[in-house]
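Colleague: Got a structure for you, written out below as structure tokens; questions coming shortly.
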Amino acid sequence: MINLDTKKKLYFAGLVGEIMEWFDFTVYGFFALIIASNFFPSENHFVSVIATFAAFAIGFLMRPLGGLFFGYIGDKYGRKKVLTTSMFLMAFPSLIIALTPTFATIGILAPIILILMRMLQGLSVGGEHTGAIIYLTELSSREDRALSAAIPFIGVILGVLLGSLVGVIIFSIFSYDTIVEWAWRIPFFLGVLVAVVGIIIRKYLPESHVADENEKDIIPIAEVFKHHLASFIKVFFLNLTFAVGFYTVFIYNPIWMQKFVHVSKSYSLEVNSISLVLAIGAIFVSSHYSNKVGRKPLLLLSTAGLTLFSYPLYELMLSDAVYHTLLGQGAFAILIGTFMGPIGVVMVELFKKSIRMSAVGVAFNLSFAIFGGTAPMIATWLIHTTHNNLSLAWYLSFSAFISFITVLTIDETYKKEHLD
């Protein structure tokens, strides 16, 4: 078993990739209006913004392909190849985006380059998150397994927090005209530096699995669909809570607060930042207790909580007392964090090593491509269609209920001494 120093390096390596991934995600959203004016200029501002977010959304469509591509590499040739390659495929596009001249300079080539780079990043994300979960878990003991699988989820939250912080700092230091002209590029350069550190660290880490001679001839994803389809479907539906919950609560809710609760942008960001910290705490607690009471009770607790209390929590956030916004968002964060703590290790424990990265990578990323990236859009559509500011709660509640039913069908695995 690995020693303490190696374990620290493993955890840090896992964090760096996720921080880079979600830092990029956050700053792209933070500077979306500026990117729109620079890369998709139009007399119609709405068209520019839609084009910018379409370039953003295309990354989600690439994620299942990334899961398939990197899953095959990871199952056939080793997990480390996935983690180093995916990191490079995040860093290189960020560098190109930071250096690419605007539409005013090179014309149509500017948005084409931006879209191609977002596609590459989407591909890399499809291998990075699930690859890191699987890699860290396979190198852990039974006692550390749940925490190791949760480390990448903590990296997700830290990346969002870091991206928000850098965005706030950029807007505080520079004038708006300076940001439009060149300062928007700074966060993308910073993301490259984070990735370079990650690539160097990952280069010297141990391998967790390489296919043996008996596994060389199999096609992992074909094996999954032939013999493990039920587990594949379970991973897909289990992650509805994470996909819809994370993007609704942490990405859409700050906008919802500003529009319907009528709080300031700065207050909504403060509330969101506090809730993200609470989610990290919940991840630590739930991953720890999943080794004592099992994975299923904590997954059932969180999904049942979101099923039953999504509507009341949104109702609480709409009340006159401003601090109720923090209470509601904080409760959402704890419930989602409680789910994120054990879900990673559950996905890993459902599959044997020879097909694990393909199975988890495709199922997880397919769920996110369909339900995660569309969650803010669906929330907006529901509110617009029903003329009810609370109608988004029903979508979150229904998604959590599907996951709750799915949890009931999985076997408890926390006592398993070794991964197959």
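Colleague: Kindly provide the set of residues from region 9-45 that are of a type in the set (Ser, Thr, Tyr), over 22 Å from LEU161 (Cα atoms) and at pLDDT 80 or above, ordered by number.
Modeller: Residue satisfying the conditions is SER37 alone.
Colleague: Checking the structure you have, find out if any residue of region 168-190 is closer than 30 Å to GLY294 by Cβ, open to solvent by less than 50 Å² (accessible area, probe 1.4 Å) and hydrophobic (A, V, I, L, M, F, W, C).
Modeller: no
Colleague: While we're looking at this one, here's another question. Spot the failing condition for THR85; the list is (1) at pLDDT 90 or above; (2) touching a Phe, Trp or Tyr at 6+ places or on another chain (Cβ under 8 Å); (3) open to solvent by 10 Å² or more (accessible area, probe 1.4 Å), and only one is missed.
Modeller: Against the list (1) at pLDDT 90 or above; (2) touching a Phe, Trp or Tyr at 6+ places or on another chain (Cβ under 8 Å); (3) open to solvent by 10 Å² or more (accessible area, probe 1.4 Å), THR85 comes up short only on (1).
Colleague: Scan ALA400, ALA393, ALA369, ALA379 and give me the residue that is assigned to a helix (DSSP H, G or I), under 17 Å from PRO64 (Cα atoms) and under 23 Å from the mean Cα position of the chain (by Cα).
Modeller: ALA369
Colleague: Taking the condition open to solvent by 20 Å² or more (accessible area, probe 1.4 Å), over 25 Å from PHE60 (Cα atoms), touching a Ser or Thr at 6+ places or on another chain (Cβ under 9 Å) and touching a residue at least 24 places away in the same chain (Cβ under 8 Å), does TYR414 pass?
Modeller: yes
Colleague: Out of all the residues in region 342-350, is one or more of a type in the set (D, E, K, R), modelled with pLDDT under 95 and in a helix (DSSP H, G or I)?
Modeller: yes
Colleague: Which numbered condition in (1) open to solvent by 50 Å² or more (accessible area, probe 1.4 Å); (2) modelled with pLDDT under 80 is the only one that SER48 fails?
Modeller: Every condition holds for SER48 apart from (1).
Colleague: Name the helices (runs of 4 or more DSSP H) wholly within region 224-300 that hold at least 3 residues that are out of contact with any helix residue (DSSP H, G or I) (no Cβ under 6 Å at 6 or more places or on another chain), on the phi < 0 side of the Ramachandran plot and surrounded by fewer than 21 Cβ atoms within 10 Å (Cβ to Cβ)?
Modeller: Per the criteria, 229-238, 265-293.
Colleague: What number of residues within region 381-404 satisfy the criterion of being in contact (Cβ under 8 Å) with a residue 24 or more places away in the chain and more than 16 Å from TYR311 (Cβ to Cβ)?
Modeller: The qualifying residues number 2.
Colleague: Moving to a separate point now. Taking the residues in region 51-82 that are over 21 Å from GLU223 (Cα atoms) and open to solvent by 40 Å² or more (accessible area, probe 1.4 Å) as candidates, determine which candidate is modelled with the lowest pLDDT.
Modeller: It comes out as PHE53.
Colleague: Those residues that are outside any helix (DSSP H, G or I), aliphatic (A, V, I, L, M) and farther than 19 Å from VAL82 by Cβ, I need them from region 121-165; list them, please.
Modeller: Correct list: empty.
Colleague: Here is a follow-up. In region 158-208, what count of residues is obtained for those that are over 14 Å from GLY14 (Cα atoms) and either touching a Phe, Trp or Tyr at 6+ places or on another chain (Cβ under 6 Å) or of a type in the set (S, T, N, Q) (or both)?
Modeller: Residues meeting the conditions: 11.
Colleague: Please go through region 114-138 and pick out each residue that is in contact (Cβ under 8 Å) with a residue 60 or more places away in the chain and surrounded by fewer than 22 Cβ atoms within 10 Å (Cβ to Cβ).
Modeller: ILE115, MET119, GLU138
Colleague: To continue, here is another question. Give the residues of region 328-343 that are open to solvent by less than 10 Å² (accessible area, probe 1.4 Å) and within 17 Å of GLU315 (Cα to Cα), sorted by residue number.
Modeller: Result: GLY328, GLN329, GLY330, PHE332, ALA333.
Colleague: A further question on this structure: Return yes when SER208 is polar (S, T, N, Q) and in a helix (DSSP H, G or I) and no when it is not.
Modeller: For SER208, the condition - polar (S, T, N, Q) and in a helix (DSSP H, G or I) - is not met.
Colleague: Still on this structure: Within region 170-187, track down each residue that is without any contact (Cβ under 8 Å) to a residue 60 or more places away in the chain and charged (D, E, K, R).
Modeller: Within region 170-187, ASP177, GLU181 qualify.
Colleague: Assess whether LEU162 counts as being under 21 Å from ILE336 (Cβ atoms) and open to solvent by 10 Å² or more (accessible area, probe 1.4 Å).
Modeller: Yes, satisfied.
Colleague: Checking LEU99 against (1) surrounded by fewer than 24 Cβ atoms within 10 Å (Cβ to Cβ); (2) within 30 Å of ALA363 (Cβ to Cβ), which test does it fail?
Modeller: For LEU99, the exception is condition (2).
Colleague: While we're here: Checking the structure you have, find out if any residue of region 351-361 is part of a helix (DSSP H, G or I), surrounded by 24 or more Cβ atoms within 10 Å (Cβ to Cβ) and basic (Lys, Arg).
Modeller: Within region 351-361, one or more residues are part of a helix (DSSP H, G or I), surrounded by 24 or more Cβ atoms within 10 Å (Cβ to Cβ) and basic (Lys, Arg).
The values are calculated or read from the model by the stated rules, or taken from the named source; none is laboratory data. All values reported here derive from a predicted model rather than from experimental measurement. Backbone-built Cβ (ideal geometry, glycine too); neighbour counts: all protein chains shown. Accessible surface is based on the protein model in full, side chains and every heavy atom, while ligands, DNA and RNA are left aside. Shrake-Rupley method; radii C 1.70, N 1.55, O 1.52, S 1.80 Å.
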